[in-house]
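Please read the structure below before turning to the comments.
Only the coordinates and a few stated rules stand behind these numbers; no lab work does. Predicted, not measured: the structure shown is a model, and the values here were computed from it. Positions of Cβ are backbone-derived with ideal geometry, glycine not excepted, and every protein chain shown enters the neighbour counts.
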Amino acid sequence: MENLLNLWHASGIYNVSPGQIVMIAVGLLLLFLAISKNFEPLLLVPIGFGGIMANIPEAGLAFSAVENALHLGGPEVLQSLASSLGLDSADPYAIKEAYNSSTAQAHTAAVYAANDAGYNNGMLYNFYTIAIASGAAPLLIFMGVGAMTDFGPLLANPKTLFLGAAAQFGIFATVLGAVGLTTLGLMDFSIQDAAAIGIIGGADGPTAIYVASLLAPDLLGAIAVAAYSYMALVPMIQPPIMRALTTDAERQISMVQLRHISKVEKVMFPIVLLMLVAMLLPDAAPLLGMFCFGNLMRECGVVDRLSDTAQNALINIVTIFLGLSVGSKLSADKFLDIETLGILLLGIVAFGIGTACGVIMAKIMNKMQGGNSINPLIGSAGVSAVPMAARVSNKLGLEANSQNFLLMHAMGPNVAGVIGSAVAAGVMIKFVG
Amino acid sequence: MDNLMSEGLSLMVFGMGFVFVFLTLLVFATGFMSKVIAKVVPEAPPQPARPAAPAAAPAPAGGDELIAVMTAAVHQYRKN
């Protein structure tokens, strides 16, 4: 009978908390969206599954050794943890507080105490530490994105960089929105949180995760989920804004064919970009450095094997770990919060403002160049989200004029948006990091 | 709280300003790079096509000439 009782006490049903049930439901919802609605499945499948695993009661997959020891250990374990952190009382909350704010030395001592008691880091916690806390996974993904990016359309029409710049206004407007909500007392975001939320408007998953891991690790789960869900929603969010801001005549403008770009130019461009980053904004160097490296591997033509690995095998491996690590941050105490709602709301506003600013900038540039050379529809592609945003521009262009293929023209602002959001990320890290 | 708002405002102004300055410089740097490359490696794209054809022609021509010379030399040698 006692054994039966022990089994019951160790079961998930006995231990599950309402928050965990809700979070498992959220994980299932993400899986549903990914599998049946095809929403960024490459990321939402691992994120959703990781989220479910992180919320399995008593398994402690997403917790560190010390957190597991606190949760599962007996009084002696708590006592040894407390003494390792220099506390008198063995109150779990006090220990947790002390652990989170301890010096590196006390931190290590507490980890050893937990290890001695037989508790280890959860698997997802280890993934998170290696993949995201170290910054490695988002940067490797950025390298892969660089290896997949063709800068030809951008080099043929460098002015489209301005569209990529204008669309970043969404990021900064959202920062203002987040601090505004805090000022009104509706939410509680620090300036770091606000910056990390704003970067959702960059429509660039790896950049958003990288910035969030540096500025607001607590909000990372919500920010990553918002960023990737909205990227999947680009074909729904953007067209109404684009139609509202352009006239039918503007949408029909067809653009002259892009000039041919020599190989030398393509090889030199990542180096020029890297030099500019090195001179002006070293804080963006991790992101743009890896991006340029990936692109150089692609264009130089002598390391096809490396380029192939970066854009296929490696990016797939990293995506698995990145997704599971993000999922580990979907724990009930951090995600089930009014702030998550705020993040989802601000994220979509960021997207909308970014799209609108890109289109408006394209209209201004078109007016300045005589009114018949730039189709304002390509402006919306400035919000990165490669290549989805460019496809949306192309689709709307074809609707207005069935002979009007804007895809290559929209790829210019699209990759400019990637550079723009990485620069914006660097500025944020520099100013508030 | 007002402090936070002004922090947000300054982040917006500086951030947006910097993004524009950076990308404007990149526009100039890219344009400059393209011009320099166009001068240093003139008409790079059509070249591989055009010189490839003429270059392909002289090569066999040179080979023919060489063969002719060698045949002549061999004949000369055999005659002797």
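Need the full-extension length gain, A:E97 to A:I130, defined as separation in residues times 0.36 nm minus the C-alpha distance. One decimal, nm. Please list the in-between numbers first.
Numbers: separation 33, 0.36 × 33 = 11.88 nm, distance 2.36 nm.
Result for the pair: 9.5 nm of gain on full extension.
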Exercise. Taking 0.36 nm per residue of separation and subtracting the Cα-Cα distance, what length does fully extending A:A25 through A:L4 add?
Worked result: 4.7 nm
Exercise. ³J(HN,Hα) across region A:112-128 via Karplus (A = 6.51, B = -1.76, C = 1.60, θ = phi - 60°), whole Hz, x for Gly/Pro?
Worked result: 4, 4, 5, 4, 4, 7, x, 10, 10, 4, x, 4, 5, 5, 4, 4, 4
Seminar exercise, completed: Of all stretches in chain A that avoid trypsin sites (Lys or Arg not before Pro) placed in a DSSP loop and having at most 13 other Cβ atoms within 10 Å, the longest is A:38-258
Exercise. What do you get when you divide the Cα radius of gyration of region A:197-251 by 2.2 N^0.38 Å, with N the number of residues?
Worked result: 1.43
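If r is the Cβ-Cβ distance from B:M70 to B:F32 and R0 is 51 Å, what FRET efficiency results, to the nearest 0.05?
On the way: r = 52 Å, r/R0 = 1.02.
Here the calculated transfer efficiency is 0.45.
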Problem set entry | Modelled FRET efficiency - R0 30 Å, A:S36 with A:N316, Cβ distances, 0.05 increments | 0.85
Exercise. For region A:387-412, list residues with backbone N below 20 Å from a point placed 7 Å from the Cα of A:D150 toward its Cβ?
Worked result: A:387-398, A:404-412
For this session: With a Förster radius of 45 Å, plug the Cβ-Cβ distance of A:L233 and A:S254 into 1/(1 + (r/R0)^6) and report the FRET value to the nearest 0.05.
Result: 0.95
Problem set entry | Ranked list, fewest to most other Cβ atoms within 10 Å of each Cβ, for A:T207, A:T103, B:T30, A:T174 | A:T103, B:T30, A:T207, A:T174
Exercise. Expressed as a rounded percentage, what relative contact order does region A:2-131 have, with Cα pairs under 8 Å and six or more residues apart?
Worked result: 24
Problem set entry | Selected from A:L288, A:L184, A:L42 as most flexible by GNM, with chain A as the system and alpha-carbon contacts under 10 Å | A:L184
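How would you rank A:M123, A:M428, A:M297, going from fewest to most other Cβ atoms within 10 Å of each one's own Cβ?
Details: A:M123 16, A:M428 28, A:M297 23.
If I rank by nearby Cβ atoms, fewest first, I get A:M123, A:M297, A:M428.
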For this session: Give the shape of region A:306-380 as rounded, prolate or oblate, defined through the alpha-carbon gyration tensor: a ≥ b ≥ c are the square roots of its eigenvalues, a/c under 1.5 means rounded, and otherwise the shape is prolate if a/b is larger than b/c and oblate if not.
Result: oblate
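Grab the other residues whose beta carbon is less than 14 angstrom from that of A:E299, score K and R as +1, D and E as -1, and report the net.
Details: positive: A:K263, A:K266, A:R298; negative: A:D150, A:E265, A:D304, A:D308.
Around A:E299, the surrounding residues sum to -1.
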Seminar exercise, completed: In deg cm²/dmol, rounded to the nearest 500, the helical mean residue ellipticity at 222 nm of the protein assembly as shown, built from -39500 (n - 2.57) for every DSSP H run of length 4 or more, is -23500 deg cm²/dmol
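Quick one: compute a quarter of the convex hull surface over the Cα atoms of the protein assembly as shown and quote it in nm². Write out the running numbers ahead of the final one.
Numbers: hull surface 146.2 nm².
Answer in nm², one decimal: 36.6.
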Exercise. How many nm is it between the label spots at A:D308 and A:D88, if each spot is 7 Å from the Cα in line with the beta carbon?
Worked result: 6.8
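Per the Kirkwood treatment, what hydrodynamic radius in Å, one decimal, follows for region B:1-42 from the mean inverse distance over all distinct Cα pairs? Don't skip to the end; give the middle numbers.
Values: mean 1/r = 0.0800 Å⁻¹.
The Cα-based Kirkwood calculation yields 12.5 Å.
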For this session: When a/c is below 1.5 the answer is rounded, else prolate if a/b is larger than b/c, else oblate, so apply that to region A:2-131 with a ≥ b ≥ c taken from the square roots of the Cα gyration tensor eigenvalues.
Result: oblate
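Over 19 Å between Cα atoms, which of A:K96/A:K430; A:K37/A:K329; A:K159/A:K363; A:K363/B:K35; A:K266/A:K363; A:K96/A:K334 qualify?
Numbers: A:K96/A:K430 30 Å; A:K37/A:K329 23 Å; A:K159/A:K363 13 Å; A:K363/B:K35 27 Å; A:K266/A:K363 28 Å; A:K96/A:K334 15 Å.
As for pairs spanning more than 19 Å Cα to Cα, those are A:K96/A:K430; A:K37/A:K329; A:K363/B:K35; A:K266/A:K363.
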For this session: Mind telling me which of A:I13, A:I200, A:I223 comes out most flexible in a GNM of chain A, alpha-carbon contacts under 10 Å?
Result: A:I13
